[in-house]
Amino acid sequence: MSKTYVIPSVARNLGGWGTRYEHGRTTRAPAPSLTLGMTLLLLALPAFAQERVILIKNATILTITNGRIENGSVLIRGSKIAAVGKDIAAPANAQVIDATGKFVSPGIVDTHSHTAVEGSVNEISLPNTGMVRIADVLTADDISAYRQLAGGTTTALVLHGSANSIGGQSQIVKWKWGHPIAEWPVQGAPRTIKFALGENPKSANFRPPEGTPRQYPATRMGVEEVIRQSFTDARDYMAAWDEYDAKKKRNETAIPPRRDLLMETMADILRGNIDVHSHCYRSDEILMLLNLGDELGFKVRELQHVLEGYKVAREIAAHGTGGGTFIDWWGFKAEAYDATPYNVALMVKNGVLTSVNSDSDELARHLNHDAAKSMKYGGLTEDEALRLNTINPATQLRLEKRIGSIEAGKDADLVIWTGHPLSVYSRVDTTMIEGEILFDRAKDLQQRDALKREKDERLKKEADEAKKDKGGKEKKDA
Amino acid sequence: MRNHTVHLIRPSGTFAEESGRPARPREAGRMPALLDAGRRATKRQAHRVAAVLALALFCLPLLAQSTIPNNPGRKQTIVLRGGTIVPVTSAPIPNGTLVIENGKIKAFGPAGSVQMPTAAVVLDVSGQFIYPGMIDSGTNVGLVEIDSVAGTVDTTELGDLNANAQAAVAINPHSELIPVTRVNGVTNVVSVPEGGIISGQSALIQMAGWTPKEMIVKAPLAMHIRFPRLRSAPLIDVPQDEEAEKELKKSYTKDVDKLRDILRDAQAYARATGAKVKRVDRDLILEALVPVVEGRLPVIMHANLERDIRAAIQFADEFKLKMILAGAQDVARVIPELKSRNIPVLLGPILAMPQREDDPYDLLFTNAKTLYDNGIKFAIQTSEAQNARNLPYHAGSCAAFGLPKDVALKSITIFPAEIFGVADQIGSIDVGKVANVIVTDGDPLEFRTNVKRVFIGGEEISTDSRHTLLYEKFKARP
């Protein structure tokens, strides 16, 4: 067996990422990364700090997995949901939120985001950039994260761009606005990578930068070839390491193969350690990828966009692959011309695990609209529509045991709505992540005057200083 | 497939660019190298630029010809009975009867109070609702099929001063976008040219007709001016060095001067042609501007930021233009100026992002209420093409943030009709108006509501669209 140990890098560990050396190869291990000391400290914390206890009562609770509870309550202890039901008495120390007439849903999960990324989301230079990581360029000051909380979105898969057939590794985060960025990644969440098919990786719609040649591939044939070649190389790479390990086991002299971060990534996909989320539009390219996966031994966790998923829904379902899509965007490019808003209903009815996701800071703050439209386009039930925002995307991210429904033991990621979230007339009053209220409309409204005053004061100060500087300068010139 | 490599660039100045609406979807496809510049804000801007500069590599000459049935061309006498009539300009009438004759609304009222025609097609719409068709005050419908395919894009002429460009002459009556738009109850849209400083003349069209002429309700509707912006939206990358600032001011002043010069020329041209002392060489651009400078043709000024709106108003004052403001994100900051001049506002898109980081998250959702509370006439526009069908949800989102529901409905029916001077023809259910009427199973602003029947010009229109046909086709996949 390979030897695994953890490099105790404090900065990394605060963020929950460890750098794990296996065979002397670096891989990113999001889960078992805390050092022992840190772990003990965290475990000990609740004993010192007063545990948060919140009771939301008198609300219509949309549990997602156990139907709707009228006049219901949700009890939150610390970061978790402690109880859900009709009659829950408020513990003595509880903060009570009376949500009479309101609705409570789980936080919305968005499986396609590019929010909170510093700089470009595309490492544009190669057809396969599987070695790069979005996790390295996350930033906590993107106001869009707060605006998404204000629309009920709490968890997102922040993806690399779609410029490459195989793009970079993506990162699952919660919008923990106000917390350091190190706290945003979801601990223990699966590692993920972005693949992309069709017009974007073949550079159909964008001009290469001045003076640079067009980048391979230029056709869907080439896209397939890039993926095939990458996995073929990875198999060779793994075989070389296996040979080396075997030799070492026999105590023979062995020279380790050269470590290759891209090949490590590809190998980890084949080992099932990294989930593939692939951008795609047309049905032919969807089948191409699924079949290629069968042939080469990798699985596709979620098809992204998948606007023609309805044409091959049963093949997608048979592969156990999910689909995250826009309900009604179409016609923005040729491969989106056969989109239909009935795509969601057809995928759901064919057994595809389906979600609606955003790929947009703007749409990400009203993803409930997209879910609601599935009732109009193809007649999904209210329950099926709500799942498109919650447990389905949570399952696509393999986090269904922690988020995506209101059940005791799950993370307290909750949204209080003024009305049913599938109504256009509803808005979000309160959003909490792991029991902490991170958006509160009343508070937001209260703070506006103070923020404006502060801004005006600062602007005035800056203008005064500029005037003073200018005055001084003029005097000197004179 | 024909494979011309046509290097055509869709020029800038689209709705997406000026509204701060993200390129849809954000896509994160292959972007130009400037993406790597560093700041997230720069990235966003670059996304927008990249989308706008989308380069089409393939001509798709066979696209954009819908096979959906058009209006049958029979002006039958039709009676709708049993439904709840919501005239918009008066109180709802449960169990109402509506008579359509010669394409017009002949009579309506409670059952029994309406004189029945001797021969008519009688449709029982019990349990359903009858509304006037909805009107989108700003779209590109008819002028574009697929955003990224330049051969299908006719929104944006080259050059800055295209006063003589007319949307009416380029409307494609057989675009797939038209059935898609109307089957959700949007029966009329304003089709708007884009780009430059003077973009051209818009047309108010109905979503049925075999020729552009049959579709046109009013053209030219207005002259569209993208008032020069001191800085491009959104508010980012404020130049710190004086040189850059100077350059920006210079180009801004140049643009405003250009606009001022051509309007002065138009004034002179009007005087010269009016004087009839001698023959004047005709100038089609100046000729198009004569009704503008004479205050006969309204000018729709597209501006979002406070400074730009103020500059546009000042400019309109200078030339005594009949101004309508469009976009108008900062409208709450210029209420007295608009009110004192009676300037109406085409607000939207509503489902978009505020431009400043410190703007309230709900700024665009609350603007409509601010205008309503201050007694300023307004209507809502989507600034969409493929998704102008989402007009009711832009209005509904305003209602979620305080605009009364009935006013939200008016902002997409009677209000635009009044602003555009066609309230004697469309915008409500009133005797003598054109029978643009929809039958629904609920509130048309709600996502789950289905539009069951659509009448345009008194003719019942197919509720099929490219999207329903694709649904039917693949629902039946063996």
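The values are calculated or read from the model by the stated rules, or taken from the named source; none is laboratory data. All of these numbers come straight from a predicted model, not from anything done at the bench. Every residue, glycine among them, receives a Cβ derived from its backbone with ideal geometry; neighbour counts consider all protein chains shown. Surface areas here come from the heavy atoms of the whole protein model, side chains and all, with no ligands, DNA or RNA. Shrake-Rupley method; radii C 1.70, N 1.55, O 1.52, S 1.80 Å.
Which residue, chosen from A:Leu346, B:Gly109, B:Ile461, occupies the Cα position most advanced towards the positive end of the dipole of the protein assembly as shown, where the dipole is computed from +1 (Lys, Arg) and -1 (Asp, Glu) charges on Cβ about the Cα centre?
Sorting the options by dipole projection puts first B:Gly109.
Students often get this wrong, so check it: of B:Lys249/B:Lys369; A:Lys174/A:Lys452; A:Lys57/B:Lys410; B:Lys106/B:Lys322; A:Lys102/A:Lys176; A:Lys452/B:Lys246, which have C-alpha atoms separated by over 31 Å?
Violating the 31 Å limit, Cα to Cα: B:Lys249/B:Lys369; A:Lys57/B:Lys410; B:Lys106/B:Lys322.
When the helices in the protein assembly as shown are scored as -39500 (n - 2.57) per DSSP H run of 4 or longer and the sum is shared across all residues, what 222 nm value do you end up with, to the nearest 500 deg cm²/dmol?
Calculated from helices alone, the mean residue ellipticity at 222 nm is -9000 deg cm²/dmol.
Can you tell me what the convex hull of the Cα atoms of region B:356-405 projects to on average, as an area in nm²?
4.2 nm²
So with the 1.4 Å probe, I'd like the accessible area per residue for region A:108-402, rounded to whole Å².
Solvent-accessible surface per residue comes out at 31 Å².
For the protein assembly as shown, which whole-number percentage of the solvent-accessible area (1.4 Å probe, protein heavy atoms only) is attributable to carbon and sulfur atoms?
Numbers: 19990 of 37760 Å².
Ligands and nucleic acids excluded, carbon and sulfur reach 53 percent.
Let me test this: with uniform point scatterers at the alpha carbons of region B:373-471, what is the Debye-based log₁₀ I(q)/I(0) at q = 0.15, 0.22 1/Å?
With no solvent term, the Cα-only Debye profile gives -0.70, -1.40.
Taking the Cα centre of chain A as origin, work out the dipole magnitude from +1 charges on Lys and Arg Cβ and -1 charges on Asp and Glu Cβ, in debye rounded to 20.
For chain A, the charge dipole is close to 800 debye.
Compare the Cα positions of A:Tyr337, A:Ser283, A:Gly178 along the charge dipole of chain A (+1 at Cβ of Lys, Arg; -1 at Cβ of Asp, Glu; about the Cα centre) and return the one farthest towards the positive end.
Toward the positive end, the furthest listed residue is A:Gly178.
What's the long-distance tail for region A:108-402, i.e. % of Cα pairs beyond 25 Å?
More than 25 Å apart: 48 percent of the Cα pairs in region A:108-402.
Where does each of A:163-175, B:398-410, B:433-445 land if you order them by average Cβ count within 10 Å, highest first?
For the peptides A:163-175, B:398-410, B:433-445, the packing ranking is A:163-175, B:433-445, B:398-410.
Work out the mean other chain Cβ neighbour count within 10 Å for the residues of A:209-221 and drop it here as an integer. Show your work: numbers first, answer last.
On the way: counts 6, 2, 1, 1, 0, 0, 1, 0, 0, 1, 0, 0, 0.
Mean shielding by partner chains, rounded to a whole number: 1.
What ranking, highest mean first, results for peptides A:180-188, A:423-431 when packing means the other Cβ atoms within 10 Å averaged over each residue?
Answer by packing, highest mean first, reads A:423-431, A:180-188.
If contacts are Cα pairs under 8 angstrom and at least 6 residues apart, what is the relative contact order of region B:204-359 in percent? Intermediate results must be reported in sequence, preceding the final value.
Values: 173 pairs, mean separation 32.9, N = 156.
That works out to 21 percent.
Compute the separation of the alpha-carbon centres of region A:153-181 and region B:61-103 and state it in Å as a whole number.
Between the Cα centre of region A:153-181 and that of region B:61-103, the gap is 47 Å.
When only C-alpha pairs under 8 Å and at least 6 residues apart count, what is the relative contact order of chain A, in percent?
17 percent
Which lysines, if any, have their Cα less than 24 Å from the Cα of A:Lys299, not counting same-chain residues under 8 positions apart?
Within reach: A:Lys194, A:Lys202, A:Lys311, A:Lys349, A:Lys401.
Could you state how much accessible area is buried at the B-A interface, both sides summed, with a 1.4 Å probe, in Å² to the nearest 100?
Details: alone 21910 and 22910 Å², together 37760 Å².
The B and A chains share an interface burying roughly 7100 Å².
What size of dipole, in debye to the nearest 20, comes out for the protein assembly as shown about its Cα centre when the only charges are +1 on Lys and Arg C-beta atoms and -1 on Asp and Glu C-beta atoms?
The dipole magnitude comes to about 340 debye.
Taking the Cβ-Cβ separation of B:Arg477 and A:Asp469 as r and a Förster radius of 56 Å, what is the calculated FRET efficiency to the nearest 0.05?
Numbers: r = 72 Å, r/R0 = 1.29.
Efficiency, rounded to the nearest 0.05: 0.20.
List the residues of region B:438-455 for which accessible area in the full set of protein chains is at least 40 Å² lower than for the chain on its own; 1.4 Å probe, protein heavy atoms only.
Residues meeting the cut-off: B:Glu446, B:Phe447, B:Arg448.
For region A:151-260, what is Rg from Cα atoms divided by 2.2 N^0.38 Å, rounded to two decimals?
Values: Rg = 19.9 Å, N = 110, 2.2 N^0.38 = 13.1 Å.
Computed over Cα atoms of region A:151-260, the ratio equals 1.52.
List the relative contact order of region B:345-478 as a percent without decimals, with contacts defined as Cα pairs under 8 Å and 6+ residues apart.
Computed over region B:345-478, the figure is 17 percent.
Counting only other chains, and only Cβ atoms inside 10 Å, what mean value do you get across the residues of A:324-335?
Going residue by residue through A:324-335 and averaging, the value is 6.
If you count, for each residue, the other Cβ atoms within 10 Å and average over each peptide, how do A:83-95, B:347-359 line up from highest to lowest? Each step should come with its number before you reach the end.
Details: A:83-95: 12.7, B:347-359: 21.6.
My ranking of the peptides, most packed first, is B:347-359, A:83-95.
For peptide A:375-382, compute the average count of partner chain beta-carbon atoms within 10 Å of each residue's beta-carbon.
3
Can you compute the equivalent ellipsoid semi-axes for region A:207-361, i.e. the square root of 5 times each eigenvalue of the Cα gyration tensor, sorted largest first and rounded to whole Å?
Working: eigenvalues 256, 83, 30 Å².
Its equivalent ellipsoid spans semi-axes of 36, 20, 12 Å.
Region A:143-160: which residues show an accessible-area loss of 20 Å² or more, assembly versus chain alone, 1.4 Å probe?
Buried on complex formation: A:Ile143, A:Arg147, A:Ala150.
In region A:337-368, what residues drop by 40 Å² or more in accessible surface going from the chain by itself to the full protein assembly, probe 1.4 Å?
A:Tyr337, A:Tyr342, A:Leu346, A:Asp359, A:Asp361, A:Glu362, A:Arg365
Which whole number in µm²/s is D for the protein assembly as shown by Stokes-Einstein, with the Kirkwood Rh taken over Cα pairs at 25 °C and 0.890 mPa s?
82 µm²/s
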